[in-house]
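The values are calculated or read from the model by the stated rules, or taken from the named source; none is laboratory data. Fair warning: this is a prediction, and the values are worked out from it, not measured in the lab. Neighbour counts run over all protein chains shown; Cβ positions are idealised from the backbone, glycine included. Just the protein is used for accessible areas: all its heavy atoms, side chains included, with ligands, DNA and RNA removed. Shrake-Rupley method; radii C 1.70, N 1.55, O 1.52, S 1.80 Å.
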Amino acid sequence: MKLYGYFRSSAAYRVRIALNLKGIEVEQVGVHLLKDGGQQHQPSFRARNPQGLVPALELDDGTILTQSLAIIDYLDSIHPEPRLVPAEPVLAAKTRAAAFAIACDIHPLNNLRVLGYLKGPLGRSQAEVDEWYRHWLLQGGLEPVEAMIEGGRFCFGDQPSLADICLIPQVFNARRYKVDISHLKKIEAVDAHCKTLPAFLAAHPLRQPDAEP
Ligand SMILES: N[C@@H](CCC(=O)N[C@@H](CS)C(=O)NCC(=O)O)C(=O)O
């Protein structure tokens, strides 16, 4: 399988964590989101993902899967252990709710193309764009997620789940954009624990073949 991604893409980071947790090896293909006007917009990549977004997972028979959560669901289907969503229905729903709060409610508002639209066509200053980012990351996002997660060593208990897979890349983004999350104690504790685990460490943006300083 081939994973089309970008080292700093948090959606690709999610898929890398899931692959590592399941011990599935893939070839990584870098799609530089900033070079050449954004390689995600080139026809060769659009043929793989008409949305022009990473990640995309190409299966050995050439089938292309897109959308990180759909890809992770596929990985869970073909390789059920370790499970990424608990079997118990209530815990499964809570796990998905925390994951979706990040992937569906924070991430799309702070995506590269949204920030670019604010700054370019809408003429917003860098300070306004930074404030937009901080607002949707914190009040619109991680602060409610802090209240949703139940703790243990991970978001929900002592096994990593889809919630942690979505949370850790979002925390990486918060730190990268220098948004203070030190008041989010449960999130910081989960992040500190994940930093000790090979599956999360190996998925870190700076450890990818296309990483840049
Ligand atoms: N919902 C999609 C989001 C994918 C996405 O937004 N990817 C970003 C990188 S994290 C991207 O490719 N952005 C390119 C752009 O904004 O032009 C998923 O979960 O896969």
Considering region 22-59, residues that are basic (Lys, Arg) and touching a residue at least 40 places away in the same chain (Cβ under 8 Å), and then whichever is surrounded by the most Cβ atoms within 10 Å (Cβ to Cβ), we arrive at ARG48
Pull out all pairs, ordered by first then second residue, where Cβ-Cβ is under 8 Å, the residues are six or more apart or on different chains, the first lies in region 88-109 and is assigned by TED's automatic domain parsing to the domain that holds PRO160 and assigned to a helix (DSSP H, G or I), and the second is open to solvent by 50 Å² or more (accessible area, probe 1.4 Å) and away from the ligand (no atom under 16 Å from the Cβ). LYS94/MET148; LYS94/GLU150; ALA97/MET148; ALA98/MET148; ALA101/PRO144; ALA101/MET148
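How many residues does region 35-70 hold that are within 19 Å of PRO169 (Cα to Cα) and out of contact with any Gly (no Cβ under 7 Å at 6 or more places or on another chain)?
Total meeting the criteria: 8.
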Residue list for region 60-101, filter: closer than 26 Å to TYR4 by Cβ, over 20 Å from the mean Cα position of the chain (by Cα) and either hydrophobic (A, V, I, L, M, F, W, C) or within 15 Å of the ligand (Cβ to nearest atom) (or both): ILE78
Suppose we keep only residues that are of a type outside the set (Phe, Trp, Tyr) and over 22 Å from PHE156 (Cα atoms) within region 175-201. Which one would you say is least open to solvent (accessible area, probe 1.4 Å)? VAL179
Which condition does VAL85 not pass, out of (1) part of a helix (DSSP H, G or I); (2) of a type in the set (Val, Ile, Thr); (3) open to solvent by less than 50 Å² (accessible area, probe 1.4 Å), if it passes all the others? (1)
